[in-house]
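The values are calculated or read from the model by the stated rules, or taken from the named source; none is laboratory data. This is a predicted model, so every value here is computed, not measured. Please note: Cβ atoms are built from the backbone with ideal geometry, for glycine as well, and neighbour counts cover all protein chains shown. Ligands, DNA and RNA are excluded from the accessible area calculation, which covers all protein heavy atoms including side chains. Shrake-Rupley method; radii C 1.70, N 1.55, O 1.52, S 1.80 Å.
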Amino acid sequence: MKKPAGIVQLKGDVVAIYTFGRPDNRRRDVANLEKAIGDTLTRWGVLKDDCQIIDIRLLWGEVLPGSAKVELRKAD
């Protein structure tokens, strides 16, 4: 996937919420999808290292099937 323009690197600890769209009705483990998102955020320069994520929530939710919505914010 091509790196998006306008990336801003987040500093310090981060809270993340990843919402995934189920691609079909087969049973899947949402935890298996987390690593790819964290690695992509690091590769794109959003995070210096994915160890900045100190709190994470993984959800199946209302997004397009096979896609992900990523919400990041600074930890309190």
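Worth pointing out:
- Considering only residues in region 1-29 that are free of Cβ contacts under 8 Å to residues at least 60 places away in the same chain and outside any loop (DSSP other than H, G, I, E, B), the one that is surrounded by the fewest Cβ atoms within 10 Å (Cβ to Cβ) turns out to be Ile17.
- Sole exception among (1) in a strand (DSSP E or B); (2) surrounded by 12 or more Cβ atoms within 10 Å (Cβ to Cβ); (3) without any contact (Cβ under 8 Å) to a residue 60 or more places away in the chain for Leu41, by number: (1)
- Among the residues making up region 12-36, those that are at pLDDT 95 or above and hydrophobic (A, V, I, L, M, F, W, C) are Val14, Val15, Ala16, Ile17, Phe20.
- Hits in region 45-62 - residues which are open to solvent by less than 40 Å² (accessible area, probe 1.4 Å) and of a type outside the set (S, T, N, Q): Gly45, Val46, Leu47, Ile53, Gly61
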